[in-house]
Every structure is written in C-alpha cells, then in structure tokens.
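Computed from the coordinates by the stated procedures, all read-outs in this text should not be read as laboratory data. Here the structure is a predicted model, which is why all the values come from computation and not from measurement. FYI the Cβ positions are ideal-geometry reconstructions off the backbone, even for glycines, and counts take in every protein chain you see.
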Amino acid sequence: MLWTKTYIPPMKETPEGAEIPTPALLLRAGVIYQVMAGAYTYLPLGLRSLRKAAQIVREEMDAAGAIEMAMPCMSPTGLWEQTGRTEAFGDVLVTFSLPRQNRKVQVTLGPTHEEIITDMISRQISSYRQMPITLYQITTKFRNEERPRFGVLRTSEFLMKDAYSFDATVESLGNSYNAMYKAYCRIFERCCLNYLPVEAESGPIGGDASHEFMIPADNGEDTLLHCIECGYAANQERAEIGTRDVTVPDVPAEELKKVDTPEARTIEQVSEFLECRPRDLIKTLIYLADEQPIAVLIRGDHDANEGKVRRAVGAENLELAGPEVIEKVTGAPVGFAGPVGMAEKIPIWADRDVEPMTNAVTGANRRDAHYTGVNRKRDFEVDHFADLRNAVDGDPCPRCSSTVKLRYAIEAGHVFKLGTKYSEALGARFLDEKEQLHPIIMGCYGIGVNRILASLIETCHDANGIIWPVPLAPYEVLLVPLKVTDEETMKVADQLHDELAAAGIEVLTDDRDARAGVKFKDADLIGVPLRVVVGPRGLKDGKLEVKWRWDEAPEMIDLQGAAETLAGRIREERKDSARFRDR
Ligand SMILES: [Zn+2]
C-alpha cells in the first residue's frame, strides 16, 4: 500500500517532548476521528488494527469451541422489561419508538444480548442433550454514556465480543467458564497486553464465579488490589483484607467530652474543625438490612464496602437509610450519628480497624455536636466485628503475609457465571434425564475490542507516538524512500514493497514528497514496528537502514536479499512479542 493511495489524514504538529495522552495520540496519529462526544470513526489505520484484534478474539473463541453468530442491534424493548433491565439500566439503555404502519414499536439498541439470546434459546433448546453450548458474536453495542470520556474507552457505541454459555448442571457451567477463562488469557497474550485476571463481585453462584481481565495503566479508571508476592488480585469492590493488627495502643483514656461542631457533618469538616486526622474519627453509617436498621462503624479515612456489609450481616438487600430513619434511630439529623447514646438500640457492626481505636471522635446523636475521647467498652459496645471496608494500598494480603498494592487499570474483559437469572425470567427450561424441568444455567463473557486497542496504546507509546506490537500493527513494515523524485530510490522501494507483500508481509510505503524529518516524525507517530529507509547514500553501498520502533538506533542491512531478511524478522516478532507482555 502507498501512503498517498490510502487515507491517512495530515498529521498535526506534536509538541516537542510532550507526553501525549492516549485519546489525543489516537487522533493525532490518524487512527480515529471524533464525530461527537462518545462516537468515533475508525480511519483506515485504526480499522486495520481493530480488525486484527477482533480476529484474534474470533480465533480463540473458535478454538475454545464457541460458535459464532450475529444478533441484531435492535430488539423489542418488551424483552428488556421482562428481566427488569429497562429499570436497572435506566438512561444507559438507548431506546426509541419506530412507526410501523398504524402502530408504534418500542425498540432497544442492545448494550449486551442476554435477553435476545435467552429468548431464542428458550424456543430452541428443551433437552439436556442439546447442551452444553456456547454461542458468541462480535457486534456493535450501545450504551448511552451521559459523560463520555477517556476517548475510546468510554463511548456510547463500541465493538464487543459477547459470548453466552448454556449448561444443564453447575459442574458443566464450571467447564464452560474455565474454557472461556483460558481463551481470554490466550487472547490478551496474543494481543501483547500485560493483563491481570482479578476476582470480581460474584453473582448468585458464589465462589470464584466472576473475573475481570484488567490491564494495569496509570490512567485506568478501575482500581484493583494486587499482591506481588503471591499473585492475589481482586477489584476494589471484591478485595478481601488479610489479618489486621488490632493491638490497642497503650495510651491513657481521655475523658468523654461533648463538643460543639456547628454545621460540621462530613469527615473533612469535622476533622478540620476539631483539628484531628480523619483516621481519628469513627464514621457511623445507618443501613437498612432487609428493612431492619443497623449501624456500621468505619474508621474515618476508610470507605464502607456495601457488598461486604451485606454478606457479613447475611442480608438479601442492603441500602443506606433515609433521613427519617436516621433521625428516628439516632435522635439527630444526618451527619451527627455515633455509637454513644443512640435513641434506639440497634445492632452495631464495626470494621476490624475500629477495634484498636482509642480517644476517637464520633457524632453525638445531637445536631451540631460530636464527642471526643470516645473509647470502646467504656462508652459503647460493638455487637460484631468484620471486614466491612474497601481494601486500600498497603493492606495485609488475604492469601499470604505480604501486603497488597493499589493499582489503576482498564477493564478489557469480564467472565461471569450468571446462573439462572435470565433463563428463569424468560422461561428457558430443559428436561433432564429423569424428564424433570429445570431452568438452563448460563454464563456470559464479554471483551471490549476497542478497549484492547485503547489499553494497548495507553501502555505502549512514548513522547513521539504509538509503539505497535507486530500482531496488532496496522502495517508491519514502513518503507521510507527519502527522495521520491529519485528514480533509483523509487525502483528499489517499489521492488522491496512488492517482494514483501508477496511474502505475506503487510507493508506501507511513505511515497509522499516530503522532507525526511517530516517522514521520520510521522513514522514514529503512527508507530509501524519496522521502519526501513531507502536513501541514496545507503544504496551507493548496497545497504538499507532498518530500525524497530522500540529500538534507539538503526542498523544497516544488505540490500541483497533484504526482503527475505525483513520478512524473517517480522515472522519472528509475530510469533513472540514477549517484550510487550513483560513490561
Ligand atoms: Zn499475597
């Protein structure tokens, strides 16, 4: 392919030495073009890479025994009402009505396809003999983002691979799940991503029923906790905390004192007003656990984890209590709750880190008042201690004696044991060997194909532009003839181009009549892995200048047999791009 014959928009000047954020880099490098917030055109360079990522996903899905199909983006909104997801998704769901003869049809553009596929399966699968089966598709999904951001990471329209498994037993679901898990590992490896499968919040099946595939990146919007020692990794929602030091410090107990704290309700306001650290405060949260009020105590600098609270209490539903309930059980308006002298006796749960707290500050269950010098046992009792907060950087690892590290990451994939939520809502049942009727057991498995590219570029670029690994590069070799007006130069470049193309190498020739400096800058910006310079000086000695995008210095190779040499290097790199994964 010739640069002037494909469509690569003119490159914008890149500020000298400035680190460019990924979205800007994608725009500058002519990979994407923004149509509106949250909607992008994939230009030829971007589309080539996107297709390669999709093809890797497809090959690994096929190898794992999943079967490809394609469902429409449009589906009847009624199906989404049957599972309660019109409500669950809210404004995220893109819905509209279409005029059809004399009536209006309400349709939804699918953000995923559980409803559509389960409805089909409910009509086509009726026996355990027809399972297990895993079906997948790679199609455009829609999700209205009220605040689209992070460039191509959060868009309202995106390419996603979604797979759905249908099994007759929980054990069989385990096999289907493991097959997808392993396929995901191979996909991210082949896409040269330094990925981390992390435990995520589980559905009704429990255990290790859900994993997210995270790509650690400083600008990622997800947080995870990772133990470098033993490999434990979980997202912040899920991460457990190991044994904590709850030794009570040996300091004299101060007197319990009620102090005025006018209008100071938040941890920040109170600690500023009383000149203490947030970690000296005990936050008192009033929840309704299956409609029953409970108090949850958390150290001021920590955040409560509702999933942990719900599981510890053994409640089906958990929600923060409203102002009326808070006023009724504490005797004070919102912002002044505390465990000392509540109006009503309700169960008090506390996070482990509250156990060693001495001379703490808490709300006084009075408007505009707090207590200082609060000490457990003397001033209040805790009914239950448990792990009730989000894990933070430096917490003890739940699996070994080391500590976990907080890392930012991009979520690129998710595997999930769904259970029977959708099959029950949509009546997808089967008969077992004994002619007994059961709901089909499902799993769902998603990968954001655009996110593969976005996270790869997020982690593979420098101040000059993108650094594509060969397996996802839009082109593998960039030929740069320095003087396109020189007949000999162009003869060599054209011949090399054709020989490489004939050898199955994807090659682009920069045939623009531009200065060498401009061509080199643009070459770095678009990031084609192997740059080959055809210049009059080298040709005189029968040499070509070759440089990998990630190497500092170029080297000279013989013009004689150059196509073979270059093709060999590309084939090596296609097979093994370990340098990218081991970053
Ligand atoms: Zn560990």
With +1 on the Cβ of every Lys and Arg and -1 on the Cβ of every Asp and Glu, and nothing else charged, how large is the dipole of segment 103-218 about its Cα centre, in debye rounded to the nearest 20? 560 debye
Compute the relative contact order of the chain as a whole-number percentage, counting only Cα pairs closer than 8 Å that sit 6 or more residues apart in sequence. 17 percent
How big is the dipole moment of the chain about its Cα centre under a simple scheme where the beta carbon of each Lys and Arg is +1, that of each Asp and Glu is -1, and everything else is neutral? Debye, nearest 20, please. 1060 debye
In terms of the alpha carbon gyration tensor, root eigenvalues a ≥ b ≥ c, rounded if a/c is under 1.5 and otherwise prolate when a/b exceeds b/c or oblate, segment 82-176 is oblate
In terms of the charge dipole of the chain, which places +1 on Lys and Arg and -1 on Asp and Glu at the beta carbon, the residue among Leu159, Pro469, Ile447 farthest towards the positive end is Leu159
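If I take R0 = 30 Å and measure r between the Cβ atoms of Thr41 and Arg574 in this structure, what FRET efficiency does the formula 1/(1 + (r/R0)^6) give, to the nearest 0.05? Before the final figure, lay out the partial values.
On the way: r = 28 Å, r/R0 = 0.93.
After rounding to 0.05, the efficiency reads 0.60.
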Quick query: amide H of Tyr232 versus all other amide H atoms, modeled in the peptide plane; which residues come in under 5 Å with a sequence gap of 5 or more or a different chain? Cys227
Listed by chain and number, the residues whose amide H is under 5 Å from that of Thr139, excluding neighbours fewer than 5 places away on the same chain and using placed H, are Met160, Asp162
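How large is the dipole of segment 377-466 about the Cα centre if only Lys and Arg carry +1 and Asp and Glu carry -1, each at its Cβ, rounded to the nearest 20 debye? Can you show the working numbers first?
Numbers: 11 positive and 13 negative charges, 15 e Å.
Charge dipole of segment 377-466: 80 debye, to the nearest 20.
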Most exposed first, judged by fewest Cβ atoms within 10 angstrom, Ser402, Ser271 run Ser402, Ser271
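For n ≥ 4 DSSP H runs only, could you compute -39500 (n - 2.57) per run for the chain, divide by its residues and tell me the 222 nm figure to the nearest 500? If you can, show how the numbers build up before the last one.
Details: 16 runs with 160 residues, N = 583.
Computed ellipticity for the chain at 222 nm equals -8000 deg cm²/dmol.
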Which listed residue (Tyr177, Asn219, Val246) has the Cα farthest towards the positive end of the charge dipole for segment 151-282, taking +1 on Lys and Arg C-beta and -1 on Asp and Glu C-beta about the Cα centre? Tyr177
Got a sec? Charge dipole of the chain, +1 on Cβ for Lys and Arg, -1 for Asp and Glu; which of Pro554, Met71, Val518 is way out at the positive end? Met71
Sorted by mean Cβ packing within 10 Å, highest first, what order do the peptides 307-318, 231-242, 551-562 take? 231-242, 307-318, 551-562
So what J values fall out for segment 78-89 if you push phi through Karplus, 6.51 cos²θ - 1.76 cosθ + 1.60 with θ = phi - 60°, rounded to Hz, Gly and Pro as x? x, 4, 6, 6, 4, 9, x, 8, 4, 6, 4, 7
